[in-house]
1. Mind listing the phi-derived Karplus ³J(HN,Hα) values for the range 190-207, rounded to whole Hz, using 6.51, -1.76 and 1.60 with θ = phi - 60°, and x for any glycine or proline?
2. Which is farthest toward the positive dipole end of the range 332-415 among Val383, Val337, Pro402, measuring Cα position about the Cα centre, with Cβ charges +1 (Lys, Arg) and -1 (Asp, Glu)?
3. Points 7 angstrom from Cα along the Cβ direction at Leu376 and Val314: gap in nanometres?
4. So who's got an amide H within less than 5 Å of the one on Gly204, skipping anything under 5 residues away but keeping other chains? H placed 1.01 Å off N, in plane.
5. May I ask you to compute the full-extension gain from His68 to Asp417, defined as 0.36 nm times their residue separation minus their alpha-carbon distance, rounded to one decimal in nm?
6. With +1 on the Cβ of every Lys and Arg and -1 on the Cβ of every Asp and Glu, and nothing else charged, how large is the dipole of the range 211-306 about its Cα centre, in debye rounded to the nearest 20?
7. Per Stokes-Einstein, at 20 °C and 1.002 mPa s, what whole-number D in µm² s⁻¹ belongs to the chain, with the Kirkwood radius over Cα pairs as the hydrodynamic radius?
8. Choose one of Thr299, Val420, Thr143: the residue whose Cα lies farthest towards the positive end of the charge dipole of the chain (beta-carbon charges +1 Lys, Arg; -1 Asp, Glu; about the Cα centre).
Amino acid sequence: MVKNTQSRSSQATMSTPVKSKQDLLNLLAKDKDAHLAFLSSLIRIPTPNPPGDTRDAIAFVEQHLQKHGISSEIIAPKPDAPNLVSTFHAEGPSEHPRNLVFNGHIDIFPVNADEKWQRDPYSGDVDGDFVHGRGAVDMKAGTAADIIAFSYLHRFRSQLSGRCTLEVVSDEETGGRYGTRYLLERDGRKETWKGDCVLNAEPGGVESIRFGERGSLRMTFEVRCEGAHGAFMHLSEGAIRIASRLIARLAELENLPPEGMDPELRKYLQREDVRNTADGIMGPGAAAYMLKPSVNIGTIRGGVKVNMIPSYCVFEADIRLPIGLVKETVLARIDEVLRSSFPEASYTVQEAATNPPAASSVEHEMVELLQRNAKLVRGEAPVSICSLGGTDCKHFRYNGVPAYCYGPSPTTMAAVDERVKAQEFLDIIKIHTLAAWEYLGGPI
């Protein structure tokens, strides 16, 4: 593995101090056209993963920061998937300095060549209501918002205390081995990159704050049996039919209770407002899956010809684990099922894509700051809920660092004609900036 580290720096220019949060809010509103233009330009730089080449986008971010007098550094354990980091010490007095981290990824889902988009998938068009293009939702809008927030905090750092860090990472869509995980686990300054609290803008919906997320257990199952002519079903059931029966049994894993979940957290996730928020953002039925596993069979293949009994079938399962349910419990149940009913089947665990669930406190100071400033900007306070999917926040939580997501609606994420609401993007800039401003001791 190659580590490529480059530094860029320029003389930062201090600005006339702002007197209050409202002054900062007014300044952010005044600059909205520049913010939309920055996001549009970022979307126009394709960063699909796979293949995961983010060099052009990272260079663009680096240049943007340079224009604002901000030094940055490139850490690239994988040369074509670099990470950009920047950190500054605030200049105000502080007895207990804290390091707030903005973390966001810049790699995105690929575009299927067969998809019929109404616009160029990388148009970055701004039509007043939306900013269009692949990655607009997941998560270039969120990452752009935090780059902008970091820039404003740096500009007024003389009024803040502690430290602020920006991490624009690659490789999130394929597990983070060369991105966030590398920074937190293998880089020589990993303590700086961990920080004391993390803000992320993954698409969770502006009605919610994501304080935790389910874990993942990725598995590959193989079924082998005798094959035969398709008319001779008395000789063999066939690998695909056996696999179908096994898949039905795996679906029963969704009845496993999260026995390790804290009773108070369970009670919280059962609250009506929490359940309504989850269902409202992710669709009816989503709330139930905050408290139970889900089983998705993502791929299946087997057989050679329609009139042959297949001797082989392989399928992949993506099992999501609620907070409090560990993979060992699930694997023990699967082992029991295979021993009792499916001697033809075996499995392997895709370790690189398997992660335990993780959560931060719903009562952390950052939750209150996000809620208060969201109410100021949007008129309503978001509700803390658990994510059904995964984010890079889990890597911070594994290291004991509280991490929270507040980002745009997930609607159209990874879909044809992906687009983010322009107003949500602008609001997230304001809310992240103001929450960070208060966390770092800025004048209210």
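1. 4, 5, 5, 6, 5, x, 10, 7, 10, 10, 9, 10, 4, x, x, x, 6, 7
2. Looking along the dipole axis, the top candidate is Val383.
3. Those two pseudo-labels are separated by 5.5 nm.
4. Result for Gly204 returns Gly407.
5. Working it through step by step, the gained length comes to 122.4 nm.
6. 360 debye
7. 92 µm²/s
8. Selected residue: Thr143.
Read-outs: derived from the displayed coordinates by stated rules, not from any lab. Values in this document were obtained by computation on a predicted structure and should not be read as measured data. Positions of Cβ are backbone-derived with ideal geometry, glycine not excepted, and every protein chain shown enters the neighbour counts.
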